[in-house]
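Presented below is the structure to which this report refers.
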Amino acid sequence: MGDSATGGYIAPSGIVTHDQDLEDIFQELIVGITSLSGQFVRPRWQPEPPPMPAIGVDWCAFAVKSIRPDDGPYFEQHAESMDSIRHEELELSLSFYGHHGQSFASIFKDGLAIPQNIAQLRDYKIKYVGCGEIVTAPDFLNQQYVHRYDLVATFRRKTERIYAVKTFIDYHVNIKN
């Protein structure tokens, strides 16, 4: 991997949670707040989707709908590296299904107001911002309507990446007369 002294591209080190790891964080949050079984809290889009639960079974599908970064990262220079720090807004889209889907959507929304629930996100530098309205959005499947209740929860997080950008610590100039 290159650095500022060697020239060329500089790739970051440090991991920012995305993809499956980010879904795992939110699945744990949804399961913890709603008490739904983990098998019934699932990412909305999967390479090999499991069978849909039977009609009437309570479950939740969720997805990180968008990640909106702030205008630009803040850079903090160190002797051998530079930290890139950015804040992002995450929109989590949730759909609750089943005979008690509306209740579970409401339980989740209210549970986000409990400081102890939100404290579980602190290790990931994620903070709860707010929650939208619960919208009734029934699906028509197998010639019948299925109860579905949608809601969007908003979170913010801090991301950090480290780049191998070195500072000038010392330099020498030779002046010839």
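The values are calculated or read from the model by the stated rules, or taken from the named source; none is laboratory data. Bear in mind that the values here come from a model prediction, so they are computed numbers and not experimental data. Please note: Cβ atoms are built from the backbone with ideal geometry, for glycine as well, and neighbour counts cover all protein chains shown. Heads up: the accessible areas ignore ligands, DNA and RNA and are worked out on the full protein's heavy atoms, side chains in. Shrake-Rupley method; radii C 1.70, N 1.55, O 1.52, S 1.80 Å.
Structure notes:
- Of the residues making up region 91-129, those that are among the hydrophobic types (A, V, I, L, M, F, W, C), part of a helix (DSSP H, G or I) and within 27 Å of His147 (Cα to Cα) are Phe104, Ala105, Ile107, Phe108.
- For region 29-51, taking the residues that are touching a residue at least 24 places away in the same chain (Cβ under 8 Å) and not polar (S, T, N, Q), the one that is farthest from Ala153 (Cα to Cα) is identified as Leu36.
- Looking only at region 118-171, residues that are of a type in the set (Ser, Thr, Tyr), surrounded by 15 or more Cβ atoms within 10 Å (Cβ to Cβ), over 21 Å from Ile25 (Cβ atoms) and at pLDDT below 95 come to 1 in all.
- Of all residues in region 28-72, exactly one satisfies the criterion of being crowded, with 18+ Cβ neighbours inside 10 Å and among the polar types (S, T, N, Q), namely Thr34.
- The residues of region 43-59 that are part of a strand (DSSP E or B) and touching a Gly at 6+ places or on another chain (Cβ under 8 Å) amount to a single one, Trp59.
- Of the residues making up region 71-87, one or more are in contact with a Lys or Arg (Cβ under 9 Å, 6 or more places away or on another chain) and under 29 Å from Ile107 (Cα atoms).
- Filtering region 101-117 to residues that are open to solvent by 60 Å² or more (accessible area, probe 1.4 Å) and not β-branched (Val, Ile, Thr) leaves Gln102, Ser103, Lys109, Asp110, Ala113, Pro115, Gln116.
- Pair list, Cβ under 8 Å, 6 or more apart: region 118-140 residue without any contact (Cβ under 8 Å) to a residue 60 or more places away in the chain and of a type in the set (Ser, Thr, Tyr), other residue outside any loop (DSSP other than H, G, I, E, B) and open to solvent by 90 Å² or more (accessible area, probe 1.4 Å): Thr136/Gln102
- Which listed residue is under 25 Å from His99 (Cα atoms) and either over 14 Å from the mean Cα position of the chain (by Cα) or at pLDDT below 80 (or both), from Pro73, Pro43, Pro49: Pro49
- Test: residue in region 161-170 that is in a strand (DSSP E or B) and either farther than 30 Å from His78 by Cα or of a type in the set (A, V, I, L, M) (or both): yes
- Comparison of Ser13, Ser4, Ser81 shows that the only residue that is more than 26 Å from Ala137 (Cβ to Cβ), surrounded by 14 or more Cβ atoms within 10 Å (Cβ to Cβ) and either touching a strand residue (DSSP E or B) at 6+ places or on another chain (Cβ under 6 Å) or modelled with pLDDT of 95 or more (or both) is Ser81.
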